[in-house]
Amino acid sequence: MEIISVIIADDHVIFRKGLVTILNEILTIKVVAETSCGQELLDVLKTQTADVVLMDIKMPGMDGIEATKKLSEKYPNIKVIALTMHEEIGYFNKMIEAGARGFLLKKTNKDQLEEAIHAVYDGDNYFAEEFVISTQKTEKPKSISSVHLSAREKEVLDYICKGFSNNEISKKLGLSQRTIDGHRSRLFEKTGAKNAPHLVLFAVKNGLVKP
């Protein structure tokens, strides 16, 4: 049985300890470290590796957004799930841009935590349904019913949602980077998205990636 190693970064001790207790009840998940801020997390990662980091967004010193950005640059194989009490779209945009692969509200339950951790570990994204509903009230990406995407464009969109760069996508699909650049530009044009996070929101809203 494969065990997924997890590090928790959250400055609220009671919440963090409760999370450790819950996760350690899941046979396929093991909490290997816990930290209270972004810098402490990066220090721990010098000697302790992990598969997934549960990242609080608002922490003292280096917050979750900056920590996720640095972690994604230095440890690209570690998947980050953002944890927050806030449902504002601004946090979503910043965390996705920083490299987060999932987004959970802190009121989540054990089953959803397990599902999210397994999803990002397997290379997918995971966005809590409650958060998706909240963001739809703020951002209004087009509906898939009004947008026609080719099979190739959907394929490129899937890779974008999984955090792959244009260069990486070109290698995955055996196409030139210029071709991928073209598909990406058409995706922005067709969906009305202004940036990659908006593309992800479009994909989530229309069921192209799993909430």
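FYI, it's all coordinate maths here, none of it is from the lab. Please read all numbers here as calculations on a predicted model, not as lab measurements. Note that each Cβ is placed from the backbone with ideal geometry, even for glycine, and that neighbours are counted across all protein chains shown.
Convex hull over the alpha-carbon atoms of the chain: what's its volume per residue in Å³?
122
Under unit Cβ charges (Lys, Arg +1; Asp, Glu -1), what dipole magnitude, rounded to 20 debye, does the chain have relative to its Cα centre?
Around 740 debye, computed over the chain.
Based on DSSP H runs of at least 4 residues, each adding -39500 (n - 2.57), what is the mean residue ellipticity at 222 nm of the chain after dividing by all its residues, to the nearest 500 deg cm²/dmol?
Dividing the helical sum by the residues of the chain leaves -15000 deg cm²/dmol.
Suppose the chain between residue 177 and residue 30 were pulled fully straight at 0.36 nm per residue; how much longer would it get relative to their current alpha carbon spacing?
49.0 nm
Just flag the trypsin sites (Lys or Arg not before Pro) in the range 26-87 sitting in loop per DSSP whose Cβ has no more than 11 other Cβ atoms within 10 Å.
46
According to a simple spin-label model (label point 7 Å from Cα along Cα-to-Cβ), what is the distance in nm between residue 85 and residue 49?
Those two pseudo-labels are separated by 3.6 nm.
Given R₀ = 22 Å, what would the calculated FRET efficiency be for residue 122 paired with residue 22, taking r from the Cβ atoms and rounding to 0.05?
Between residue 122 and residue 22 the formula returns 0.60.
Filter 30/69; 58/172; 74/190; 58/154; 17/172 down to the pairs with a C-alpha to C-alpha distance above 32 Å, please.
In this structure, 58/172; 74/190; 58/154; 17/172 lie more than 32 Å apart at Cα.
Restrict the search to the range 163-211; then list the trypsin sites (Lys or Arg not before Pro) that DSSP places in a loop and that have at most 15 other Cβ atoms within 10 Å of their Cβ.
For trypsin sites (Lys or Arg not before Pro) across the range 163-211 that sit outside H, G, I, E and B with at most 15 neighbouring Cβ atoms in 10 Å, the list reads 194.
Can you tell me the FRET efficiency between residue 188 and residue 2 if r is taken as the Cβ-Cβ distance and R0 is 45 Å, rounded to the nearest 0.05?
The pair residue 188/residue 2 has a calculated efficiency of 0.75.
Mind checking the dipole of the range 144-205: about its Cα centre, +1 per Lys or Arg Cβ, -1 per Asp or Glu Cβ, Debye to the nearest 20?
Using Cβ point charges on Lys, Arg, Asp and Glu, the range 144-205 gives about 20 debye.
Angle between the Cα long axis of helix 177-191 and the longest principal axis of the chain, 0 to 90 degrees, nearest 10?
Helix 177-191 and the main axis of the chain meet at about 90 degrees.
Residue separation times 0.36 nm, minus the C-alpha to C-alpha distance between residue 167 and residue 112: what's the value?
Residue separation times 0.36 nm, minus the Cα-Cα distance, leaves 16.5 nm.
Residues with amide H under 5 Å of residue 62's amide H, sequence separation 5 or more or different chain, H placed in the peptide plane at 1.01 Å from N; which?
38, 39
Using alpha carbons only, what's the Rg to Rh ratio of the range 153-211 with Rh from Kirkwood?
Answer for the range 153-211: 0.95.
Check which residues have an amide H placed less than 5 Å from residue 29's amide H, if you skip close sequence neighbours.
The list, which skips near neighbours in sequence, is 4.
How many angstrom lie between the C-alpha centres of the range 1-18 and the range 60-121?
13
For a quick check of your reading of the filter: which GluC sites (Glu not before Pro) in the range 11-97 sit in a DSSP loop and have no more than 10 other Cβ atoms within 10 Å?
25
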